[in-house]
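S.K.: One structure, pasted below without further comment.
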Amino acid sequence: MKSAVILFPGTNREKDMADAIERASGRRPDIVWHRETALDGYDLIVVPGGFSYGDYLRCGAMAGNSPIMRAVKDAANRGVAVLGVCNGFQILTETGLLPGALLRNAGLKFICKYTHLKAERCAPPFTQRLTPGQVTEVAVAHNEGNYFADDATLDRLEGEGRIVFRYCDAAGRVDATTNLNGSRRNIAGIVDTTGRVLGMMPHPEDATDAGLGKTEGMPLFESVAEALVSA
Amino acid sequence: MKAKVFVTLKPGVLDPQGKAIEHALGGLGFDGVNEVRQGKVIELDLAAEDEAKAESEVEAMCRKLLANTVIENYRIEIEA
């Protein structure tokens, strides 16, 4: 699997992301600077977390309009798998690759903690190694992770099986008490209509190294490595 | 020519910052505040000399970058 991790000024999670991908696929991703305009020959493109452009104007707004994102959009339209985590999810919504937007957390606090996620959509290329209903515990670290979309969009996402993760507790309960940031319908991650563009606020890459405590993010990367075995 | 863009959250979109301001005002004894919604003002100094052209340019800027129309409304004021 040949992969690229996009780097904007202010991105800070590219190394953990690259480590996680390498752990699962055996191949180190290319780190691609935001001024590049072409992304050819990749099976997977990742927009990692951080604070691109200092979160100026809106989180992800500047990055979403940068030249490299036009190349990411083109690649997505060709069927290349695209993963956006945290700020990367915000950027994918700003580019229009994913519906909705990420608002300020309902509690007005930056949330940096472990949280439980319930897997819903378990399909290639991102989540076929998970089983529907499976609960994993991974970290979140965000100030604007409060997913918003209008009711019609939410109904469509649910109807089309495009909700990948919801916030829950250890028992898998999804309700207002397990919704850590105010996201509508507890949504933590969604895919586009093709299923090949995934955006999520939690950080699976932070849970891929036993030495750091958790490996529950590994199935996502193993799924990708399995699904995107390149020629 | 100068322009001002007022970006506000759409009705129905949760505004936790507005809520916090509302509570703070209540704490200061301002009892008559029913609701607070926070937005932002963006001031532009434009080369355009024609008012209609300036407005259509700013309109395009709002749609492309200045506002996220999924969650925000915008209003443009041109100052001739």
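S.K.: Can you name every residue in the stretch A:167-210 that is within 14 Å of another protein chain (Cβ to nearest Cβ), surrounded by fewer than 24 Cβ atoms within 10 Å (Cβ to Cβ) and either β-branched (Val, Ile, Thr) or in contact with a helix residue (DSSP H, G or I) (Cβ under 7 Å, 6 or more places away or on another chain) (or both)?
M.R.: Correct list: A:Asn179, A:Arg184, A:Arg185.
S.K.: How many residues does the stretch B:22-76 hold that are more than 17 Å from the chain's Cα centre (by Cα) and within 14 Å of chain A (Cβ to nearest Cβ)?
M.R.: Residues that pass the stated criteria total 3.
S.K.: Scan the stretch B:1-22 and report the pairs whose first residue is more than 25 Å from A:Leu180 (Cβ to Cβ) and whose second residue is surrounded by fewer than 16 Cβ atoms within 10 Å (Cβ to Cβ) and of a type in the set (S, T, N, Q), with Cβ atoms within less than 8 Å and a gap of 6+ or a chain change.
M.R.: B:Val7/B:Asn73; B:Thr8/B:Asn73
S.K.: Kindly indicate whether any position in the stretch A:139-153 is among the aliphatic types (A, V, I, L, M), within 14 Å of chain B (Cβ to nearest Cβ) and either touching a residue at least 12 places away in the same chain (Cβ under 8 Å) or in contact with a helix residue (DSSP H, G or I) (Cβ under 6 Å, 6 or more places away or on another chain) (or both).
M.R.: Scanning the stretch A:139-153 turns up at least one residue that is among the aliphatic types (A, V, I, L, M), within 14 Å of chain B (Cβ to nearest Cβ) and either touching a residue at least 12 places away in the same chain (Cβ under 8 Å) or in contact with a helix residue (DSSP H, G or I) (Cβ under 6 Å, 6 or more places away or on another chain) (or both).
So that you can scan it fast, the table gives a plain yes or no per residue for (1) modelled with pLDDT of 95 or more; (2) touching a helix residue (DSSP H, G or I) at 6+ places or on another chain (Cβ under 6 Å); (3) not aliphatic (A, V, I, L, M):
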{"position": "A:Lys15", "(1), (2), (3)": "yes, no, yes"}
{"position": "A:Ala20", "(1), (2), (3)": "yes, yes, no"}
{"position": "A:Ser25", "(1), (2), (3)": "yes, yes, yes"}
{"position": "A:Arg28", "(1), (2), (3)": "yes, yes, yes"}
{"position": "A:Arg35", "(1), (2), (3)": "no, no, yes"}
{"position": "A:Leu39", "(1), (2), (3)": "yes, yes, no"}
{"position": "A:Ile45", "(1), (2), (3)": "yes, yes, no"}
{"position": "A:Ser52", "(1), (2), (3)": "yes, yes, yes"}
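S.K.: In the stretch A:73-106, which residues are within 14 Å of chain B (Cβ to nearest Cβ) and in contact with a Gly (Cβ under 7 Å, 6 or more places away or on another chain)?
M.R.: Residues satisfying the conditions are A:Phe89, A:Gln90, A:Ile91, A:Leu92, A:Thr93, A:Glu94, A:Thr95, A:Leu98, A:Leu102, A:Asn105, A:Ala106.
S.K.: Taking the stretch A:59-68 on its own, how many of its residues are touching a residue at least 60 places away in the same chain (Cβ under 8 Å) and in contact with a helix residue (DSSP H, G or I) (Cβ under 8 Å, 6 or more places away or on another chain)?
M.R.: Of the stretch A:59-68, the ones touching a residue at least 60 places away in the same chain (Cβ under 8 Å) are A:59, A:68.
Right, trim to in contact with a helix residue (DSSP H, G or I) (Cβ under 8 Å, 6 or more places away or on another chain) and you get A:59.
Total meeting the criteria: 1.
S.K.: Might you let me know whether the stretch A:101-119 holds any residue that is farther than 26 Å from B:Pro16 by Cβ and in contact with a strand residue (DSSP E or B) (Cβ under 9 Å, 6 or more places away or on another chain)? Give the steps one after another, and end with the answer.
M.R.: Initial filter on the stretch A:101-119 (farther than 26 Å from B:Pro16 by Cβ): A:119.
Then drop every residue that is not in contact with a strand residue (DSSP E or B) (Cβ under 9 Å, 6 or more places away or on another chain), which leaves A:119.
Yes.
S.K.: Looking only at residues that are of a type in the set (A, V, I, L, M) and facing chain B (nearest Cβ under 10 Å) in the stretch A:53-72, which one is nearest to A:Asp192 (Cα to Cα)? Step through it out loud before you land on a result.
M.R.: Filtering the stretch A:53-72 for residues of a type in the set (A, V, I, L, M) gives A:57, A:61-63, A:68-69, A:71-72.
Subsequent filtering for residues that are facing chain B (nearest Cβ under 10 Å) retains A:57, A:61-62.
Values: A:Leu57: 25, A:Ala61: 19, A:Met62: 21 Å.
By that ranking, first place goes to A:Ala61.
S.K.: Of the numbered conditions (1) more than 11 Å from every other protein chain (Cβ to nearest Cβ); (2) surrounded by 15 or more Cβ atoms within 10 Å (Cβ to Cβ); (3) at pLDDT 95 or above, B:Met1 satisfies every one except a single condition; which is it?
M.R.: (3)
S.K.: For residues that are farther than 29 Å from A:Lys214 by Cβ, among the aliphatic types (A, V, I, L, M) and surrounded by fewer than 22 Cβ atoms within 10 Å (Cβ to Cβ), scanning just the stretch A:140-166, find the one that is farthest from the chain's Cα centre (by Cα).
M.R.: Filtering the stretch A:140-166 for residues farther than 29 Å from A:Lys214 by Cβ gives A:149-156, A:159-160.
Filter again for among the aliphatic types (A, V, I, L, M), leaving A:149, A:152, A:154.
Imposing the further condition that a residue be surrounded by fewer than 22 Cβ atoms within 10 Å (Cβ to Cβ) reduces the set to A:152, A:154.
Working: A:Ala152: 22, A:Leu154: 18 Å.
Checked the stretch A:140-166; the qualifying residue farthest from the chain's Cα centre (by Cα) is A:Ala152.
S.K.: Considering every residue within the stretch A:113-121, establish whether at least one is part of a strand (DSSP E or B), in contact with a Ser or Thr (Cβ under 9 Å, 6 or more places away or on another chain), more than 14 Å from chain B (Cβ to nearest Cβ) and of a type in the set (A, V, I, L, M, F, W, C). Show your work before the answer.
M.R.: First, pick out the residues of the stretch A:113-121 that are part of a strand (DSSP E or B): A:113-119.
Subset that is in contact with a Ser or Thr (Cβ under 9 Å, 6 or more places away or on another chain): A:115-119.
Now restrict to residues that are more than 14 Å from chain B (Cβ to nearest Cβ): A:115-119.
Now drop any that are not of a type in the set (A, V, I, L, M, F, W, C), which leaves A:117, A:119.
Yes - at least one qualifying residue is present in the stretch A:113-121.
The values are calculated or read from the model by the stated rules, or taken from the named source; none is laboratory data. What you see is a predicted model, and the numbers here were worked out from it, not measured in a lab. Cβ atoms come from the backbone with ideal geometry, glycine included; neighbour counts cover every protein chain shown.
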